[in-house]
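Novice: The structure is given below, and queries will be raised subsequently.
Please treat every number below as a calculation from the coordinates, not as lab data. Since this is a predicted model, take the numbers as computed values, not measurements. Don't worry about glycine lacking a Cβ; one is built from the backbone with ideal geometry, like all the others, and counts go over all protein chains shown.
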Amino acid sequence: MLKSYIAGTGSMTPKRVLSNKDLEVIVDTSDEWITRRTGIKERRISTNGNGESTSDMATVASLKALDMANISSEDLDMIIVGTVTPDHQFPASACFVQKALGATKAAAFDVSAGCSGFIYALSIADNAIATGNCNNALVIGAERLSSITNWEDRTTCVLLGDGAGAAVLKPSTDHNGILSTHLQ
């Protein structure tokens with residue numbers, strides 16, 4: 001069986017920064033309390049209408065990953081987006097990315113598995129390459145968790161932010177690459 005490897009990566013974070021000091025005004029917390037428990041000092045928060053939807057962020061990250069992998073979107077066979085905050089329930093965010101990239105021959109779908117969504121998507125793409133059903137896969141983790149966050153709950157609002165990361169997987173020619181994935 002073939003192995004896949006990560007040929008390129010890309011990321012995108014929104015422009016707006018929400019610091020712990022900013023959160024002190026919104027909820028009963030402090031910079032010291034958040035930092036001591038999480039190590040987090042700031043998070044990025046997307047805004048509607050500024051090219052920062054889940055699929056917008058995923059597309060920007062994908063373009064960077066494709067560039068690093070030195071392949072075009074037409075070479076993609078599969079696009080998988082791991083997200084629990086899609087733009088819409090349907091069509092999948094991956095379909096919006098597919099259209100934006102012009103990846104006309106790629107299958108495109110979302111995986112909703114929470115924090116482990118990228119790993120689930122990576123495992124699916126890795127298996128598709130290993131079995132020979134796919135040559136080039138784009139795996140994306142993208143979240144716009146600020147859109148569903150309860151900003152009055154200090155136990156969760158201090159943890160969450162927005163952004164996207166993407167990776168292009170290709171078949172390995174020298175048997176190096178992803179060793180295995182185990183989903184349990």
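Novice: Evaluate the charge dipole of the stretch 4-171 about its Cα centre and quote only its size in Debye, nearest 20, assuming +1 on the Cβ of each Lys and Arg and -1 on the Cβ of each Asp and Glu.
Specialist: Taking the Cα centre of the stretch 4-171 as origin, the dipole is about 200 debye.
Novice: Search the structure for amide H atoms under 5 Å from the amide H of ALA103, placed 1.01 Å from N in the peptide plane, and list their residues when 5 or more places away or on another chain.
Specialist: So ALA103 has HN proximity to no qualifying residue.
Novice: Could I ask something else about it? At a 10 angstrom cut-off on C-beta neighbours, averaged per residue, how do the peptides 37-43, 13-19, 80-86 rank from highest to lowest?
Specialist: Order by mean packing, descending: 80-86, 13-19, 37-43.
Novice: May I ask you to evaluate 6.51 cos²θ - 1.76 cosθ + 1.60, the Karplus curve with θ = phi - 60°, for each residue of the stretch 78-85 and list the ³J(HN,Hα) values in order in whole Hz, giving x for glycine and proline?
Specialist: 8, 10, 10, 10, x, 7, 10, 10
Novice: Another question, then. Using the charge dipole of the chain (Lys, Arg: +1 at Cβ; Asp, Glu: -1 at Cβ; taken about the Cα centre), state which of PRO91, GLY114, ASN136 has its Cα farthest towards the positive end.
Specialist: Farthest along the dipole direction, towards plus: ASN136.
Novice: Still on this structure, please answer the following. Under the rule of at least 5 residues apart or a separate chain, name every residue whose amide H is placed under 5 Å from the amide H of ARG16.
Specialist: Long-range HN contacts for ARG16: ILE45.
Novice: Across 10 Å bins from 0, what is the distribution of all Cα-Cα pair distances for the chain, in whole percents?
Specialist: Final binned percentages: 10, 35, 30, 17, 7, 0.
Novice: Would you mind checking the tilt of helix 54-69 against the longest principal axis of the Cα atoms of the chain, expressed as 0 to 90 degrees and rounded to 10?
Specialist: 50
Novice: Moving on to the next point. Lysine pairs in the chain with Cα distance under 29 Å, only those 8 or more apart or on different chains: how many are there?
Specialist: 14
Novice: For all pairs of alpha-carbon atoms in the stretch 1-81, what percent lies in each bin of width 10 Å, listed from the first bin to the last filled one?
Specialist: 15, 32, 26, 18, 9, 1
Novice: Pairing the Cα long axis of helix 117-130 with the longest principal axis of the chain, what angle in degrees results, from 0 to 90 and rounded to the nearest 10?
Specialist: In the chain, helix 117-130 runs at an angle near 10 degrees to the longest axis.
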